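Here the structure is laid out as structure tokens; the discussion comes afterwards.
Every number in this text was worked out from the coordinates using simple rules, so none of it is lab data. Please read all numbers here as calculations on a predicted model, not as lab measurements. Cβ coordinates were reconstructed from backbone atoms using ideal geometry, including for glycine residues, and neighbour counts include every protein chain displayed.
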Amino acid sequence: MLSHLIASKGLKLPSLGTYMPSARVAILGAGGFVSQRMQQRLANHPWFDLVAIAGQDSGRMLATVPWRLKHRKPEALNNISEPILDVHSQELHRSLKALGVSIVFSALPSSPAHTIEARLSRNGLVVFSNASAYRMHQEVPLVVADVNPESLKQWPGEFGLLACATNCTLIPVLHPLHVITNHHRVMKVKVRSEQALSGAGWELLLNDEKRKAAIDNEIEGEAEKLIEEAERILRINAEWDVICKRVDAEEGHIVNVELELEQNVTYEEIKSLLLSQEYSHLNQLPSAPPSPLIVLDESPTRAKHLWGSFQGSNPNPSQNLVAGMETVIHIEAVEGSSVKFKALSHNTIRGAAGGVVLLAELAVAEGEIPSVDINPSNVSSER
């Protein structure tokens, strides 16, 4: 685990019991689905102070941008005094630094992200990206905080301090697959996804014609992304069979997975592995649930399990940073060397905004961001 890795390298995790990191942060993107999820999670974040938004509607106040998430807009977002900055400006890094920003969260589409993220990170800002632009670049860490945290040790690379989160569909596949591959060689992976409409942003939720056209159709390029990202993170050489389709649901990605292992296993063994996975390196992170993986005795459904442990409490993601951060799984069958499971995760929280914020929390807790102070006296003076 990460704590052993750090100890082996003579490094030391800061104790956060009485210490509270404090960093001014910005978001790239103003009105998109993932951007608004990021705004929601950062509005009341205990470590990060959201002070700026950069988008295409430069000069506009964030308070005037339509809020489309179902939960009420956090009041703190209306208190951001800076107008939206021009995300395409060559001087954006200077504007952000002038506001004291050290960390930037990117919710940009891949094309503009390719230029903008590199420009900001090369000019000294720390960028955590939900975009796909640099996920497969060998100089940029592709990290899921509770799967391969050691990959942050690649920093800094060609692009300075830039790290990427994965494709949202990969999360419910990756959480259980990671645990199993730690103990068994996986020969074949078959995945059939049932992906919510919000995975495509607002477009399919607001346009009935496009919504109808997308349902039950395969998502172009999605399978390839899932495979290449999984192979990069897990470093496995398996035969893949992946089909990704859109379904008529607003949020929550479900995956049906069948694994062929090198050796025979039992149901009890697989369940024990999933239940015993240790995540102590996440213990003090605000967005980390006690266990990122919940094993169910029933098949997961969006109606019952989208919010994981918090399903019945009507959680508000701006106040409860842990809600929606778990992957729920049901082991459907174990026969010989074959393992079948069905898993669900919240695609716009765990698979997108929440996962990126969790990654930033991990980097801060590891001391990977020199510009973020972990001195409590400085925290109290800024808040």
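Using the Kirkwood formula over every pair of different C-alpha atoms, what hydrodynamic radius in Å results for region 82-227?
Averaging 1/r across every pair of different Cα atoms and inverting gives 17.4 Å.
Using only the alpha-carbon atoms, how far is helix 354-365 inclined from the longest principal axis of the chain? Give it as 0 to 90 degrees, nearest 10.
Compared with the principal axis, the helix lies near 70 degrees.
Residues with beta-carbon under 12 Å from that of residue 259, excluding residue 259: net charge, scoring Lys, Arg +1 and Asp, Glu -1?
-3
Going by average Cβ neighbours within 10 Å, how do the peptides 222-231, 205-214, 323-332 rank, with the highest at the top?
323-332, 222-231, 205-214
So what's the projected area for the chain, the Cα convex hull averaged over all directions, in nm²?
Its average projected convex-hull area is 18.2 nm².
Quick check: net charge around residue 194, other residues with Cβ under 14 Å of its Cβ, Lys/Arg +1 and Asp/Glu -1?
-1
With 31 Å as the limit, write out which pairs from 97/245; 304/340; 97/210 have Cα-Cα distances beyond it, or answer none.
Exceeds cut-off: 97/245; 97/210.
Going 7 Å from the Cα of residue 44 in the Cα-to-Cβ direction, what parts of region 50-93 have a backbone nitrogen less than 15 Å from that spot?
Zone members listed by number: 50, 71-79.
Can you give the Rg to Rh ratio for region 170-347, taking only C-alpha atoms and Rh from Kirkwood?
0.97
Ranked highest first by average number of other Cβ atoms within 10 Å, how do 29-38, 107-116 line up?
Put in order of decreasing packing, that is 29-38, 107-116.
With n ≥ 4 as the cut-off for DSSP H runs, can you work out [θ] at 222 nm for the chain, using -39500 (n - 2.57) per run divided by the number of residues, rounded to the nearest 500?
Per the formula, -8000 deg cm²/dmol.
Enter the Cα centre distance for the pair region 318-350 and region 232-288, rounded to the nearest angstrom.
7
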